[in-house]
Amino acid sequence: AAATEAWGSPRSAAGGSGGFELVEGEGWALLDADEDAAAGSAFLPPLRGRSPAELKLLAQLAEKTENFEDMRVCMRALALAKPVLSEEERNLLSIAYKNVVSTRRNAWRKVWDLLQSELESREEERARLKASVPRGNSPSDLLED
């Protein structure tokens, strides 16, 4: 089955392995479900061929252990395998993605804070070095005359 041309490569459109593609006449199909599970976890068994009940159980177990990336993988596979989700399944899907995004957002904030503090310390060092140069010996002082 061919993916639609508008999306280009399904892998690149989905952002890497474990993506999805729009299959003509069939709707969205999971690509590399086992790769998605293997890339994010050493704990998940292969997901291909699992029933929706097994996927839901794996997601619930992942939630109890606070392993939200595995929960996301299981719920994504469940959502793609089942056309309509129950209220409980929708809640599990929401919890999985909310926690994965929250974790990544917090990690990005920490990286950003570290970068900002590094830049501030460099600016302070630059100001300290500039202040320690005697007046009249700085190249910028020569240009001012």
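The values are calculated or read from the model by the stated rules, or taken from the named source; none is laboratory data. Since the structure is predicted, the reported quantities are computational estimates derived from the model, not experimental observations. Glycine gets a Cβ as well: all are built from the backbone with ideal geometry, and neighbour counts include every protein chain shown. The protein model used for the area step is the full one, side chains on, heavy atoms only, and it has no ligands, DNA or RNA in it. Shrake-Rupley method; radii C 1.70, N 1.55, O 1.52, S 1.80 Å.
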Selection from the range 77-89 of residues that are open to solvent by less than 50 Å² (accessible area, probe 1.4 Å) and either under 10 Å from residue 56 (Cα atoms) or of a type in the set (A, V, I, L, M) (or both) = 77, 78, 79, 85, 89
In the range 43-61, what residues are crowded, with 18+ Cβ neighbours inside 10 Å and assigned to a loop (DSSP other than H, G, I, E, B)?
-> 44, 47, 50
Scope the range 62-72; condition in a helix (DSSP H, G or I) and either aliphatic (A, V, I, L, M) or open to solvent by 80 Å² or more (accessible area, probe 1.4 Å) (or both); matching residues = 62, 64, 71
Filtering the range 90-119 for residues that are open to solvent by less than 90 Å² (accessible area, probe 1.4 Å) and closer than 21 Å to residue 59 by Cβ leaves a count of 12
When you scan the range 120-145, how many residues do you find that are open to solvent by 100 Å² or more (accessible area, probe 1.4 Å), in a helix (DSSP H, G or I) and at pLDDT 65 or above?
-> 7
